[in-house]
Structure formats: structure tokens, C-alpha cells
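Here's the structure, in C-alpha cells; my notes come after.
The values are calculated or read from the model by the stated rules, or taken from the named source; none is laboratory data. It should be emphasised that the depicted structure is a prediction, and the values quoted were computed from it without experimental measurement. Cβ placement follows ideal geometry from the backbone for every residue including glycine, while neighbour counts extend to all protein chains displayed. Quick note on the areas: whole protein, heavy atoms, side chains included, nothing else; ligands and nucleic acids left out. Shrake-Rupley method; radii C 1.70, N 1.55, O 1.52, S 1.80 Å.
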Amino acid sequence: MEEGRRTAFRKGLRVKKLRGANDVYEMTWDSDGRATFAMGSPIQEGRFHIVWLDIGGHEILP
């Protein structure tokens, strides 16, 4: 997802804003694959910086 390229995650990765948490997103895949992340300040101009917060199963959600 670099600037000028993709504008969204691919369909198999379900990404949505995590309810009750400012600027934190949840990504799900498969039946119990989950990750939470936030968007950090860019390290390189024109590239997104994703900060992974937690990766695992359903148990990682608050």
C-alpha cells in the first residue's frame, strides 16, 4: 500500500477500525487469525508505516 498504488487491503484481509479504541485497527483472516495495528508516522516519504500491536487469535481483542 504505497502512495499512488493500492488504496485498500486485499479482500481476504478483513480490516476495520477497532471499536472503543482511537486509531487502532483490527485485521482478520482465516477462522481465527487476528492482528491489531495502528498507523505510525512515515519513516520513508510516500510509504505507510504500520505499527503492529498484537497478533494471534480472538483472545487478543479487548
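Out of the residues in the stretch 19-44 meeting the condition of being β-branched (Val, Ile, Thr) and in a strand (DSSP E or B), tell me which one is modelled with the highest pLDDT.
The first filter runs over the stretch 19-44 and keeps only residues β-branched (Val, Ile, Thr), leaving 24, 28, 36, 43.
Checking the rest, the ones that are also in a strand (DSSP E or B) come to 28, 36.
On the way: 28: 87, 36: 91.
My answer is 36.
What are the residues in the stretch 45-56 that are at pLDDT 85 or above and not in a strand (DSSP E or B), if any? If the condition is that a residue be at pLDDT 85 or above and not in a strand (DSSP E or B), then 45 is the only one that fits.
Evaluating residue 3 against the criteria (1) open to solvent by 90 Å² or more (accessible area, probe 1.4 Å); (2) in contact with a Gly (Cβ under 7 Å, 6 or more places away or on another chain); (3) at pLDDT 80 or above; (4) among the acidic types (Asp, Glu) leaves one unmet condition, (3).
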